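Colleague: Sharing a structure, written as structure tokens. Questions coming.
The values are calculated or read from the model by the stated rules, or taken from the named source; none is laboratory data. Because the structure is a prediction, the values reported are computed rather than measured. Here the Cβ positions follow ideal geometry from the backbone for every residue, glycine too, while neighbour counts run over all protein chains shown.
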Amino acid sequence: MNLLQQAWEQNNVGRVQTLLEETAACPERGFEWYYWQRQTHLELRTLRGHLAGIRCVAFSPDGQRIVTGSDDQTAKVWEAVSGKELLILTGHRMGISSVAFSPDGQRIATGNANNKTAGVWDAVTGKKQRDQGDAGSGHKGLTINGTCNAALFALAVNSYSATATAVRLVAR
């Protein structure tokens, strides 16, 4: 248990988990083992439903919903408290690498860094409102940032190419 404490103090959670796995079948383990087991499993909610890895996540401005973007070419909207899947946003031709809620929480932007495309969706119905073809001309990557300006829902094309550009998606 001393090794566990040392690993924890060094912020080495991976080592803590390894030590716990190595001692899981040990009949002499005491309350300390269970204490460290709980410390490394503090998940509040696990969202299951994507068919490939999740690349991005964002909370709605009111904290009631979560949007996730995945390599399965979908974004999903979840109820934050229960983890219930509310919407599936489909239409990307490649995995989704960026997601954001609009500042008012009424829209969701999704984007793909590889083909530099973006979409805007109604956050309640899931209906696609706008398809932004090549949103990042001349750029090597794309990141959605919907919190930068309350009056403008914009996407920022990020700095793989050491530049950033704001592209207006939806005006208020």
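Colleague: Identify, by number, the condition in (1) out of contact with any Phe, Trp or Tyr (no Cβ under 8 Å at 6 or more places or on another chain); (2) surrounded by fewer than 21 Cβ atoms within 10 Å (Cβ to Cβ) that residue 100 doesn't meet.
Modeller: So the condition that residue 100 fails would be (2).
Colleague: Still on this model: Quick one: would you say residue 62 is under 15 Å from residue 98 (Cα atoms) and acidic (Asp, Glu)? Break it down into steps so the answer makes sense when it comes.
Modeller: On the way: under 15 Å from residue 98 (Cα atoms): no; acidic (Asp, Glu): yes.
In short, no.
Colleague: Quick one: is residue 135 at pLDDT below 90, among the hydrophobic types (A, V, I, L, M, F, W, C) and either farther than 24 Å from residue 51 by Cβ or not in a strand (DSSP E or B) (or both)?
Modeller: Considered against the rule, which asks whether it is at pLDDT below 90, among the hydrophobic types (A, V, I, L, M, F, W, C) and either farther than 24 Å from residue 51 by Cβ or not in a strand (DSSP E or B) (or both), residue 135 comes out as yes.
Colleague: Determine whether residue 111 is surrounded by 11 or more Cβ atoms within 10 Å (Cβ to Cβ) and either in contact with a Lys or Arg (Cβ under 6 Å, 6 or more places away or on another chain) or within 21 Å of residue 121 (Cα to Cα) (or both).
Modeller: Working: surrounded by 11 or more Cβ atoms within 10 Å (Cβ to Cβ): yes; either in contact with a Lys or Arg (Cβ under 6 Å, 6 or more places away or on another chain) or within 21 Å of residue 121 (Cα to Cα) (or both): yes.
Judged against the criteria, residue 111 is a match.
Colleague: Kindly list the number of the only condition in (1) in contact with a strand residue (DSSP E or B) (Cβ under 9 Å, 6 or more places away or on another chain); (2) at pLDDT 90 or above; (3) not small (Gly, Ala, Ser) that fails for residue 20.
Modeller: (1) is the only condition that residue 20 fails.
Colleague: Which residue pairs have Cβ atoms closer than 6 Å, lie 6 or more positions apart in sequence or on different chains, and pair a first residue in region 6-27 that is assigned to a helix (DSSP H, G or I) with a second residue that is charged (D, E, K, R) and surrounded by 10 or more Cβ atoms within 10 Å (Cβ to Cβ)?
Modeller: From residues that are assigned to a helix (DSSP H, G or I), the pairs are 7/15.
Colleague: Something else about it: Filter region 61-97 for residues that are polar (S, T, N, Q), modelled with pLDDT of 90 or more and surrounded by 20 or more Cβ atoms within 10 Å (Cβ to Cβ); which is farthest from residue 15 (Cα to Cα)?
Modeller: The qualifying residue farthest from residue 15 (Cα to Cα) is 74.
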